[in-house]
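This report refers to the structure that appears directly beneath it.
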Amino acid sequence: MKEPTPKEKLIILSDLWGKKKSEWIREYFDVLNKDYSIKFYDCCELGEIDTSDYREEKLHKQFIRGGIEKAVENLLLLEKEKINILAFSIGGTIAWKFGLKGGKINNLTCLSSTRLRKEEFRPKGNIFLYYGEKDNFQPSKEWLEIMSLKYQIVQTEKHEFYRDYARKLFDNVRVM
């Protein structure tokens, strides 16, 4: 009898809200679990963010003021082998910087990772970016082309389009 082929590893990085507001992520697990061995990381935990004041502006400020860098440091300690990453919003920025600091990325798929527009260098690996058409902070097409990135603009959608309908999203978005 032939042994089953081991599943590829996929890590999923949360958005700014971490696992507290990530009930929507279950659909991604349902879809991806058949093809991947999945590990989920709460970006608030990775970045050692204080969630006692659980408001968007408070969380965002902490990520910008050192939380992103702390999350990258912690992810580098946790992930030593080449990996596939699916990342949402701030998680994409963490994954990107993880790759720039020496983390080994095979495929990186980021949804609504708007802070990437500030990056000047890209990590190694296959990169796929997705943004809602109505996301005011998405990178310019010029930036996407200068960085030689594969991307898709999801029509009529806003920043958190990824939260509402994972199955529909997978019909329109290439994850890996």
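Computed from the coordinates by the stated procedures, all read-outs in this text should not be read as laboratory data. Nothing here was measured: the structure is a model prediction, and the numbers come from that model. Cβ placement follows ideal geometry from the backbone for every residue including glycine, while neighbour counts extend to all protein chains displayed.
A Förster distance of 25 Å, applied to the separation of the beta-carbon atoms of SER37 and LEU76, puts the FRET efficiency at 0.80.
Both radii were evaluated on the Cα set of the chain; the Rg over Rh quotient, with Rh as the Kirkwood radius, amounts to 0.95. Kirkwood hydrodynamic radius of segment 82-161, from the reciprocal of the average inverse Cα-Cα distance over all distinct pairs: 12.3 Å. Across segment 129-143, coupling constants 3J(HN,Hα) worked out from phi with the 6.51/-1.76/1.60 Karplus curve, θ = phi - 60°, read 10, 9, 9, x, 4, 9, 7, 5, 10, 5, x, 6, 4, 4, 4 Hz, and Gly and Pro carry x. The modelled label-to-label distance between LYS150 and ASN136, using points 7 Å beyond Cα along the C-beta direction, is 3.2 nm. Pairs exceeding a 18 Å alpha-carbon distance, out of LYS7/LYS82; LYS34/LYS150; LYS97/LYS124; LYS9/LYS80; LYS39/LYS104; LYS19/LYS39: LYS34/LYS150. Amide H to amide H, with H built 1.01 Å from N, LYS82 comes under 5 Å of no residue 5 or more places away or on another chain. In a reduced charge model with +1 at each Lys and Arg Cβ and -1 at each Asp and Glu Cβ, the chain shows a dipole moment near 320 debye about its Cα centre.
Averaging Cα coordinates gives a centre for segment 134-159 and one for segment 1-55; these two points are 24 Å apart.
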